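For reference, the structure is listed below as structure tokens.
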Amino acid sequence: MDLFLEGARVIVTAGAGGIGRAIVEAFLAAGARVATCDIDAAGLASLPEGVWHRQVDVSKFADLAGFIDAAAEALGGVDCLINNAGSAGPTGRIEELEIGAVEQCLALCLTSQFVTIGRAVPHLRQSDNPSIVNISSLAGRLGFKLRSPYAAAKWGVIGLTKSMAIELGPDRIRVNALLPGLVAGARQQKVLEARAEARGISFKQAETEAFSFTSIADYVTPEQIADQVVFLASARSKTVSGQAISVCGDTGMLG
């Protein structure tokens, strides 16, 4: 299927590894031009040739805004913004959480998206196929015991997505959110390890319990998320907006 993304100008936050890197590579395969940022300098240096990049801590909002401005200039405009940056946040009961860790999680997962969208919208208004895809989480629909900062931030992403879809609809800018379930990779392993430690059970027990609530008991791959993102960025999705789309194997609960 031709998604007609040849030459599309795409900005992806946190594109040096994991889901973000899979998204960058999927857009490159579709013929798009890509700019990305990440805090991981080594990961950025290993990106495919031709990807414009800058090292950025997305919780430093002035630097993040500057990245969007510079990326838009480097690409000659923006057709699609992918808000992928985030953090697993702290694990623990509400009374045990340090407010600094909570604030950092909210900044990385939610407030950063306010910054990028606000900065990118003037450029998106000039595009013939403008779209925004925000990476939320299934925790943003179901909640997540012992990970309330992360769940709260990801619920906020869904609220932001829906609000922006309404606000930017007259500009024909599509805004959608993706809600991954259990994604294969180092971050998910660390989450399950922290959960196992907090509950005094083994990693295998934590993993088995997590999949017990899922119809298709398997990890989602970063590439599957990337495929969904690229489709939502294509003109074939021109009337898909304001949606929170789960990619989770039909998971009914997160712990």
Study note, to complete from the structure: Checking C37, C80 in turn, the sole residue that is touching a residue at least 24 places away in the same chain (Cβ under 8 Å), in contact with a Phe, Trp or Tyr (Cβ under 7 Å, 6 or more places away or on another chain), buried (at least 19 other Cβ atoms within 10 Å of the Cβ) and not β-branched (V, I, T) turns out to be C37
Point to revise | Residues of the stretch 174-191 classified as more than 30 Å from K238 (Cα to Cα), buried (at least 19 other Cβ atoms within 10 Å of the Cβ) and not polar (S, T, N, Q), total | key: 1
**Study point:** Of residues in the stretch 192-219 being without any contact (Cβ under 8 Å) to a residue 24 or more places away in the chain and polar (S, T, N, Q), the one surrounded by the most Cβ atoms within 10 Å (Cβ to Cβ)
**Key:** Q205
Review point. When you go through E223, E197 one by one, which is the residue that is of a type in the set (D, E), assigned to a helix (DSSP H, G or I), within 16 Å of V133 (Cβ to Cβ) and modelled with pLDDT of 80 or more?
Key: E223
Point to revise | Residue selected from the stretch 130-171 under the condition among the polar types (S, T, N, Q) and part of a helix (DSSP H, G or I), by the criterion surrounded by the fewest Cβ atoms within 10 Å (Cβ to Cβ) | key: S163
Practice item. Answer with yes or no whether R21 is at pLDDT 95 or above, within 30 Å of R195 (Cβ to Cβ) and of a type in the set (K, R). Key: yes
Check your understanding: In the stretch 200-220, which residues are among the aliphatic types (A, V, I, L, M), assigned to a helix (DSSP H, G or I) and under 25 Å from A85 (Cα atoms)?
Key -> A210
Study note, to complete from the structure: Counting only residues in the stretch 172-194 that are polar (S, T, N, Q) and in a helix (DSSP H, G or I), the one nearest to V133 (Cα to Cα) is identified as Q188
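The values are calculated or read from the model by the stated rules, or taken from the named source; none is laboratory data. Predicted model only: the values in this text are computed from it and were never measured. Reconstructed Cβ throughout: ideal geometry from the backbone, glycine too, with neighbour counts over all protein chains shown.
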